[in-house]
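So the structure is just underneath, and the comments pick up after that.
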């Protein structure tokens, strides 16, 4: 008797709703935005700890920025499985560390 399993791999790209943010609303908070370009603002938002400054934001800015954090509504915009997924088989043994593969058809 052989123990086989089939595996599938795919990649999903998804997006949140679009947020509309005014950089000026971030200039006078405890972690101030000090830049002047789209790229600088994007990097600022990427590194910002929302939970650290959430209480400092006006309600509109809070709601817009929160689209990225609390109860995020994700939408799949691309899934490689839509074009056919990558499938392969493995043969091996079940152990206390998981499935120990002896051979695979994956390239």
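Coordinate-derived values only; no laboratory data. Everything quoted here is computed from the prediction, not taken from an experiment. All Cβ positions, glycine included, derive from the backbone under ideal geometry; neighbour counts span all protein chains shown.
Annotations for the structure displayed:
- Residues located in the stretch 1-31, provided they are surrounded by 11 or more Cβ atoms within 10 Å (Cβ to Cβ) and in a loop (DSSP other than H, G, I, E, B): 10, 16, 17, 19, 21, 22, 27, 29, 31
- Hits in the stretch 23-56 (condition: closer than 22 Å to residue 73 by Cβ and touching a helix residue (DSSP H, G or I) at 6+ places or on another chain (Cβ under 7 Å)): 50, 54
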